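The values are calculated or read from the model by the stated rules, or taken from the named source; none is laboratory data. Just so we're clear, the structure is a prediction, and the values are computed from it rather than from any experiment. Cβ placement follows ideal geometry from the backbone for every residue including glycine, while neighbour counts extend to all protein chains displayed. Accessible surface areas use protein heavy atoms only, side chains included; no ligands, DNA or RNA. Shrake-Rupley method; radii C 1.70, N 1.55, O 1.52, S 1.80 Å.
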Amino acid sequence: MLRQAGIKIWVDGSPWIGNIDLSFPYLDTDATRTIGVTPGSCGCANYTREQLSEIVAAYFPRGWQMACHVQGDAGVDTILDVYEEALRRWPLDDHRLRLEHVRRREAVAEVEPRHHAVTCSIFVDQIHYWGDVIVDGLFGPEHGEPWMPCGSAVATGMRISLHNDPPVTPEEPLRNISVAATRIAPSGRVLGPEERLTVEQAIRAQTIDAAYQLFSDDVIGSLEVGKYADMVVLSADPRVVPAEEIADLEVQRTYLAGRQVYAK
């Protein structure tokens, strides 16, 4: 059930406290003043590039996968530079270096051309809970509408995953699929419709492509001979019901390695 997969680094932190490394400033609104962001602030990073290089150099040459929490576009630029340096020094064809959260389309668009097989895990559930605040309160339409740009990432050919971030949000794989396909904010408006996934793409991001990011796609993530029979039985086919209803489907049975561990 458990395996140590790699090393996680927090390049920056949270947009909700101003600790996100941006190339553009926060808005000056009631929301930003409430969370204590100085007007004109572009947030901040947790580490310098030199410090990040030192951390990656301590683990990557020894075979550890690196997963870097990064949300600001400036932070993405920094860690991609660090990854590029590491791959020059220690070339590896199948590294699956990861970026976690990755909230701007400009960021994901530049990942694939610079580093083959760098892969992003995207926190799309933020749109369901705080999409309106992100646009109206923190960053404005230009930067907030394409928040968590799944469509741009998949368009590059990248294999992405969808994740939650407890205790920030609950673990909600079905809601992740629904939100990725609809991008509906609490107000009911659709944010960045061009960043929507098809339901099939969203299912892949929650299953086989997530397993790929963990170097586990040989044993989990799809139903194939030789893999663990990990699966759920749902109350309806998510490919058939309206995408906005997928979040409310019921899990009727759960199997781990072919053994039933839950029944409704």
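Odds and ends about this structure:
- Residues of the range 90-107 that turn out to be open to solvent by less than 50 Å² (accessible area, probe 1.4 Å) and in a loop (DSSP other than H, G, I, E, B), as a count: 6
- For the range 69-84, filtering for residues that are under 10 Å from Asp21 (Cβ atoms) and part of a helix (DSSP H, G or I) leaves 7.
- Test: residue in the range 48-65 that is of a type outside the set (A, V, I, L, M), in contact (Cβ under 8 Å) with a residue 60 or more places away in the chain and under 20 Å from Glu142 (Cα atoms): no
- Members of the range 150-168 that are of a type in the set (A, V, I, L, M, F, W, C) and part of a helix (DSSP H, G or I): Cys150, Ala153, Val154, Ala155
- Picking from residues in the range 47-60 that are open to solvent by 70 Å² or more (accessible area, probe 1.4 Å) and out of contact with any Ser or Thr (no Cβ under 9 Å at 6 or more places or on another chain), the one that is farthest from Asp21 (Cα to Cα) is Tyr59.
- The residues on offer are Leu97, Leu92, and the sole one that is at pLDDT below 90 and either among the aromatic types (Phe, Trp, Tyr) or farther than 27 Å from Ile35 by Cα (or both) is Leu92.
- Residues that are among the hydroxyl-bearing types (Ser, Thr, Tyr) and either farther than 30 Å from Asp94 by Cα or part of a loop (DSSP other than H, G, I, E, B) (or both) within the range 208-264 comprise Ser216, Ser222, Tyr228, Ser235, Thr254, Tyr255, Tyr262, listed in sequence order.
- Checked across the range 131-139, the condition of being open to solvent by less than 50 Å² (accessible area, probe 1.4 Å) and modelled with pLDDT under 95 holds for no residue.
- Considering the range 209-231, the residues that are among the small types (Gly, Ala, Ser) and under 19 Å from Leu174 (Cβ atoms) include one that is nearest to the chain's Cα centre (by Cα), namely Ala210.
- Residue count for the range 209-230, restricted to those that are under 20 Å from Val199 (Cα atoms) and small (Gly, Ala, Ser): 4
- Residue in the range 197-209 that is closer than 28 Å to Gly137 by Cβ and touching a Cys at 6+ places or on another chain (Cβ under 6 Å) present: yes
- Leu87 vs. criteria in a helix (DSSP H, G or I), closer than 21 Å to Trp147 by Cβ and at pLDDT below 95: no
- Some residue of the range 232-251 being surrounded by 12 or more Cβ atoms within 10 Å (Cβ to Cβ), closer than 24 Å to Gln65 by Cβ and either over 24 Å from the mean Cα position of the chain (by Cα) or polar (S, T, N, Q) (or both): no
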